[in-house]
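Right, one structure below, let's go through it.
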Amino acid sequence: MSDPLRTILTERLGCRYPIVQTAMGWIATPPLVIATSEAGAFGFLAAAVMTPAEVREAIAAVRAGTTRRFGVNFHSFQPGASEIVDIIVENADQVRAVSFGRGPDAKMIARFRDAGILTMPTVGAVKHAQKMAQLGVDIITVQGGEGGGHTGSVPTTVLLPQVLDAVKVPVVAAGGFADGRGLAAALAFGAAGIAMGTRFLMTRESAPPDQVKARYVAASTDDITVSTRVDGIPQRMIRNHALDRIERSSDIGLWRRAIESGLQMKRQTGASFAELLRAAQGMTSHGGLTLPQAMMAAAAPMLIQRAVVDGDAENGLMATGVVAGRLGDLPSVAELVESIMAEARARIAALVPQGENV
């Protein structure tokens, strides 16, 4: 008898369960990745907000905490990206996959393939999924409009079947998933599994301070909104003082904050002005952003860091999926994964007439 919860995703990634923990900046740190991997799901380390030295240290920390395979997320336009790729390839014996939202190109994808590392981009539109498939990626994560942070307008229930019909590679469903019912539904659509960010953020092992997690627990769906004022493209956030201030800001005020945050990023990463400019220009040419949007996109992580690292839930930004509005607990990762699997099996069993096998 085949197990419906053993999919091509678990086969390729080498995990027990078709559940992916997404790479949220400053949240998907080694403790969360280790807990996810040990629980049988597949964890991604958030390296897109790290320097090369920090990436090397974080990968070593994950390796020290688990023998299971895991993934690394990065952006090909971040300062030090080429060195980060080298570090990932050096750890190909345990780094099984890379995820990304912008880039890389076919040459970089081929380099990962030659190293035995799977490429697993996240997309929010059918045309982007088709482009990634043409570039030769191995798995595509499709995030519907319910997702947190940068998000599109097409709901998962519409976008997911569109992408499944448009590409031949395995597809992972993201945007609005938090439990076993969602996993069963995604598999019924034809996805190979689910990817979750907000639900893993709302666990005991995730990095944000307790007072910030408490804001996520307390948030209702009415407290969650999509703003285009952060960097010019839609982002879903929890309403707070910082977001309200940005919403009221003039264009000049937004530019001022972008420049201030850019200087903060320069101090934190050690990148030169030329490197930051090249990163912004790369985002404009490959990420579909104007230069002002790219500069503000580079600034936004500093505001997110203020909340999820410094613990300032009023003056930092808190990205979230709309699903946070129905979540009210902070389980351990192991408890979460086991509950998802148990509920998924129960829902699948309920759909199968008695006496029939799946």
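The values are calculated or read from the model by the stated rules, or taken from the named source; none is laboratory data. Everything numeric in this text was worked out from a predicted model, so none of it was measured. Note that we place each Cβ from the backbone using ideal geometry, even for glycine, and neighbour counts take in every protein chain shown. Calculation scope for accessible area: heavy atoms of the full protein, side chains included, ligands and nucleic acids excluded. Shrake-Rupley method; radii C 1.70, N 1.55, O 1.52, S 1.80 Å.
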Item to check | Computed FRET value (nearest 0.05) for residue 94 with residue 222, which takes r as the C-beta separation and R₀ as 45 Å | outcome: 0.55
Checklist entry - What is the list of residues in the range 127-143 whose amide nitrogen lies under 14 Å from a point 7 angstrom out from the Cα of residue 158, following Cα to Cβ? => result none
Next on the checklist: Whole-Hz ³J(HN,Hα) for each residue in the range 207-216, computed from phi via Karplus 6.51 cos²θ - 1.76 cosθ + 1.60 with θ = phi - 60°, x for glycine and proline: what do you get?
Outcome noted: 6, x, x, 4, 5, 6, 4, 4, 5, 5
Item to check | log₁₀ of I(q)/I(0) at q = 0.14, 0.23, 0.25 Å⁻¹ - the range 1-100, Debye sum with one point per alpha carbon | outcome: -0.47, -1.15, -1.33
Item to check | Summed residue charge, Cβ within 15 Å of residue 67's Cβ, Lys/Arg positive, Asp/Glu negative | outcome: +3
Checklist entry - Quick one: if you stick a label point 7 Å off each Cα along the C-beta vector at residue 8 and residue 130, how many nm between them? => result 1.9
Next on the checklist: Can you give me the distance in nm between label points at residue 351 and residue 181, each placed 7 Å from the Cα along the Cα-to-Cβ direction?
Outcome noted: 1.4
Checklist entry - Once the dipole of the range 1-90 is set up with Lys and Arg at +1 and Asp and Glu at -1 on Cβ about the Cα centre, which of 51, 21, 40 lies farthest towards its positive end? => result 40
Item to check | For the range 51-105, size of Cβ-based charge dipole, Lys and Arg +1, Asp and Glu -1, in debye | outcome: 300
Checklist entry - Just how large is the dipole of the range 1-93 about the Cα centre, in debye to the nearest 20, putting +1 at every Lys and Arg Cβ and -1 at every Asp and Glu Cβ? => result 300
Next on the checklist: Could you work out how much longer the chain between residue 111 and residue 166 gets when fully extended? Use 0.36 nm per residue separation minus the Cα distance between them, nm to one decimal.
Outcome noted: 17.3 nm
Item to check | Order of exposure, largest accessible area first, which applies to 231, 310 with probe 1.4 Å | outcome: 310, 231
